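There's a structure below that I have some questions on.
The values are calculated or read from the model by the stated rules, or taken from the named source; none is laboratory data. Here the structure is a predicted model, which means the values were calculated and not measured. Methodologically, a virtual Cβ is constructed for each residue, glycine included, from the backbone with ideal geometry; neighbour enumeration extends over all protein chains shown.
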Amino acid sequence: MDAEILKKRTKKFGLEIIKIVERLPNTKTADVIGRQLLRSSTSVGANYRSACRGRSKKEFIAKAGIAIEEADESMYWMELLTEAGLVPEHHLSPLHKEGNEIVAILTASVKTASQNLREK
């Protein structure tokens, strides 16, 4: 996948999460989970952009790996919001799907970069 397209997708992912977090109920639990979700989801795009600026394949692999972890963590927080009854599942399912796709794309990129690094 083209890096610019993935940059846009990861940014949109973070922006959509911001909208969800802003609409969370005003409870202690929603606040704690919302903050965690906000941090992890916005970190996905930031770390991917950093990976694209990497000075080496090793640096790309490391930074993209962090983006994968943050996307996976975001999905965990979304699951908690749904299972705790704070957000209806249908509000988060498109974002959960996008998070899974981002993880799959980044995982494939890291795998390819790692194979290319070993072949040198």
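Say whether the condition of being out of contact with any Leu (no Cβ under 9 Å at 6 or more places or on another chain), under 30 Å from GLU119 (Cα atoms) and not in a helix (DSSP H, G or I) is met by at least one residue in the stretch 82-97.
Checked the stretch 82-97: no residue is out of contact with any Leu (no Cβ under 9 Å at 6 or more places or on another chain), under 30 Å from GLU119 (Cα atoms) and not in a helix (DSSP H, G or I).
If I ask for residues that are over 14 Å from the mean Cα position of the chain (by Cα), surrounded by 14 or more Cβ atoms within 10 Å (Cβ to Cβ) and among the β-branched types (Val, Ile, Thr), which ones from the stretch 30-63 would you list?
ILE33, ILE61
Going by the structure shown, is ARG39 assigned to a loop (DSSP other than H, G, I, E, B) and out of contact with any helix residue (DSSP H, G or I) (no Cβ under 7 Å at 6 or more places or on another chain)?
When the stated conditions are applied, ARG39 does not pass them.
Each row is one residue, and each column tells you yes or no for (1) in a helix (DSSP H, G or I); (2) modelled with pLDDT under 95; (3) among the aromatic types (Phe, Trp, Tyr).
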site: LEU6; (1), (2), (3): yes, no, no
site: LYS11; (1), (2), (3): yes, no, no
site: LYS19; (1), (2), (3): yes, no, no
site: PRO25; (1), (2), (3): no, no, no
site: GLY34; (1), (2), (3): yes, no, no
site: VAL44; (1), (2), (3): yes, no, no
site: ARG55; (1), (2), (3): no, yes, no
site: GLU73; (1), (2), (3): yes, no, no
site: TYR76; (1), (2), (3): yes, no, yes
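Against the definition (over 17 Å from ARG35 (Cα atoms) and modelled with pLDDT under 95), how does GLY65 come out, yes or no?
When the stated conditions are applied, GLY65 does not pass them.
Looking only at the stretch 46-64, which residues are within 19 Å of ARG118 (Cα to Cα) and among the small types (Gly, Ala, Ser)?
Passing the criteria: ALA51, GLY54, SER56, ALA62, ALA64.
May I ask you to list pairs of residues, at least six apart or on different chains, whose Cβ atoms are under 7 Å apart, with the first in the stretch 85-107 being touching a residue at least 24 places away in the same chain (Cβ under 8 Å) and the second being charged (D, E, K, R) and outside any loop (DSSP other than H, G, I, E, B)?
Going by the 7 Å Cβ cut-off, the qualifying pairs are LEU95/GLU16; ILE102/ARG9; VAL103/ASP72.
Is there any pair with a first residue in the stretch 1-29 that is among the polar types (S, T, N, Q) and a second that is modelled with pLDDT of 95 or more whose Cβ atoms are under 6 Å apart and which are 6 or more apart or on different chains, and what are they?
These pairs meet every condition: THR10/VAL44; THR10/GLY45; THR10/TYR48.
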